[in-house]
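So the structure is just underneath, and the comments pick up after that.
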Amino acid sequence: MTETIIISGISALVGGLISFALQYLKFKQEIRKLQLAHKTDFMAETTAIHFLSHKSYTDRSFDTLKQHLGGFDDDELRKILVRAGAIRVYRDGDDQDEWWRLLSRNEEYINRKKSADE
C-alpha cells in the first residue's frame, strides 16, 4: 500500500515536472515569436532606453530622441518612450521644450539638481 502511494507520488511529480518544462519552453517560444512580430517596437524601446540611460545625461530633448529614432510620428514616439519607462518633463516653464527621462533615474536627477543648487 505504501509502495503504491510512493510510486504514484513520484509518477505525478515527474509528470508535473515534464509538463512544467514543456509549458516553459512553449512560453519562451511564444515570447520570441511576439518579439519578432513586433521587432520594430521592441528595438525602438531598447534604443530609447539606451539614450536615456547615458551616464552623463539624465534628460534628453524630444528633438534629439526624434532625430535618433526616425520613422515614427511624434505621438507614436511618445508612446514608445512611455513603454520604455520614461516620463516627460518641461524645463523652465516652457511648454514647447519637451524633455524625457527614465522614471528610474528621477531620483538621480533630483540629487544632481540639489547638488547644483548648493
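Laboratory data are not the source of any read-out in this text; all were calculated from the coordinates shown. What you are looking at is a predicted structure, and each value in this text was computed from that prediction instead of being measured. So basically every Cβ, Gly included, is an ideal-geometry build from the backbone, and we count neighbours across all protein chains shown.
Placing unit charges on each Cβ (+1 for Lys and Arg, -1 for Asp and Glu) gives the chain a dipole about its Cα centre, and among G15, M43, G71 the Cα reaching farthest toward its positive end belongs to G15.
Debye-formula intensities of the chain, expressed as log10 I(q)/I(0) at q = 0.18 Å⁻¹, are -0.95 (one equal scatterer per alpha-carbon, no solvent). Helix 106-117 axis versus longest C-alpha principal axis of the chain: approximately 30°, rounded to the nearest ten. Remark: for residue pairs K33/K79; K79/K114; K26/K79; K39/K66; K28/K55; K55/K113, the C-alpha separation exceeds 26 Å in K79/K114; K26/K79; K28/K55. Considering only alpha-carbon pairs that sit under 8 angstrom and 6 or more positions apart, the relative contact order computed for segment 17-84 is 33 percent.
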